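Only the coordinates and a few stated rules stand behind these numbers; no lab work does. Keep in mind that what you see is a predicted model, and the values were worked out from it rather than measured. Because the Cβ atoms are built from the backbone with ideal geometry, glycine has one as well, and the counts that use them run over all protein chains shown.
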Amino acid sequence: MDSRVVGIPDVDGTEQVAVVIDVMRAFTTAAWAFHRGAEKIVLAADADEALAIKACHPGWLALKDGAPVSGFDLVNSPGLMQEADLAGRTVIQKTTAGTVGALAVVEAELVLCAGFVVAGATARALADAGAESVTFVATGEDGRAAEDLACAAYLGRLLAGDSPDAGPYLHRARTSPAADDLRSGRRRGAHPADVELCVEVDRFDFGMKVGIDDGMAVLRPLRTRPDAVSGVHRAR
């Protein structure tokens, strides 16, 4: 399978199949939200849009990165999401990079959102779809985030049918500037477990697919066949 890696500024509208990567922390948090029972996640471009959507749907929960602020119910942190009761709930997610990247390619034929926690299932979803080429959108730092590039490289190996050792890719993510920022407290709204939760491989057995519902970009879990890619396996 052919692949390329771009940052958000390099998205040019030619993407037919896209995997939008935000390891730390948007799509790790999203995966945890689904694990905690969320039905769907509406992707918002900015805080104002998130709050406007919530105003129209008072039962929905709004999530953003950074410190807690009025109007938002949840923080973009997998560590904090671990204890959330989201059974049957809809979450509106706004983040600095991840949701922006997903919205940039929302017109593509297939859009998946990913981090290490859903890497295997993401590769299987691409195989299920018969994708011949894929664009990885590394959302952090305009495409330079080490953790997103490491995840893209790992996914590329899986798609090639390899069974790569996840260790070097996880080390690159664990020692990235983003990980240092989380550990040091320079990123507000962080939990002490966030970094390690972001570098769990195949923690979940579902992918995450973007669709359009009522004019909104909506992320939902996507179950896949376990044998769709021979090289994909649960890393320990």
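Worth pointing out:
- Here the label points at Thr96 and Asp142, each 7 Å from Cα along the C-beta direction, are separated by 1.4 nm in the simple model.
- Taking amide H as placed 1.01 Å from N in the peptide plane, Ile92 has its amide H under 5 Å from the amide H of Val42, Leu61, Ala62, Leu63, each at least 5 places away in sequence or on another chain.
- Förster-model FRET efficiency, 35 Å R0, Ala45 and Ala160, C-beta, rounded to 0.05: 0.55
- Extension gain, Ala67 to Asp2, is 19.5 nm, computed as 0.36 nm per intervening residue step minus the present C-alpha separation.
- Computed from label points 7 Å out along Cα-Cβ, the spacing between Arg183 and Ser133 is 3.9 nm.
- Amide H to amide H distances under 5 Å link Ala217 with Leu43, where only residues 5 or more positions off or on other chains count and H is placed in the peptide plane.
- Identified option (computed Cα Rg over 2.2 N^0.38 Å; candidates [x] 1.02; [y] 1.15; [z] 0.92): [z]
- Among complete DSSP H helices in the chain, none has alpha-carbon atoms stretching at least 30 Å along the helix's long axis together with a mean Kyte-Doolittle hydropathy reaching 1.6.
- Computed from backbone phi, the HN-Hα couplings of the stretch 64-77 come to 9, 8, x, 5, x, 9, 4, x, 9, 9, 9, 10, 6, 9 Hz, rounded to whole numbers (Karplus: 6.51 cos²θ - 1.76 cosθ + 1.60, θ = phi - 60°; Gly and Pro given as x).
- Extension gain, Cys56 to Asp214, is 55.6 nm, computed as 0.36 nm per intervening residue step minus the present C-alpha separation.
- Backbone N under 14 Å from the Val106 label point (7 Å along Cα→Cβ), restricted to the stretch 69-100: 92-95, 98-100
- Solvent-free Debye scattering, log10 I(q)/I(0), computed from the Cα coordinates of the stretch 100-172 at q = 0.19, 0.27 Å⁻¹: -0.80, -1.44
- Span from the the stretch 1-80 Cα centroid across to the the stretch 135-213 one, whole angstrom: 15
- Beta bridges per DSSP with both ends in the chain, % antiparallel, nearest 5: 30
- In order through the stretch 106-116: 3J(HN,Hα) via Karplus (6.51 cos²θ - 1.76 cosθ + 1.60), integer Hz, x for Gly, Pro: 4, 7, 5, 5, 9, 10, 10, 10, 8, x, 4
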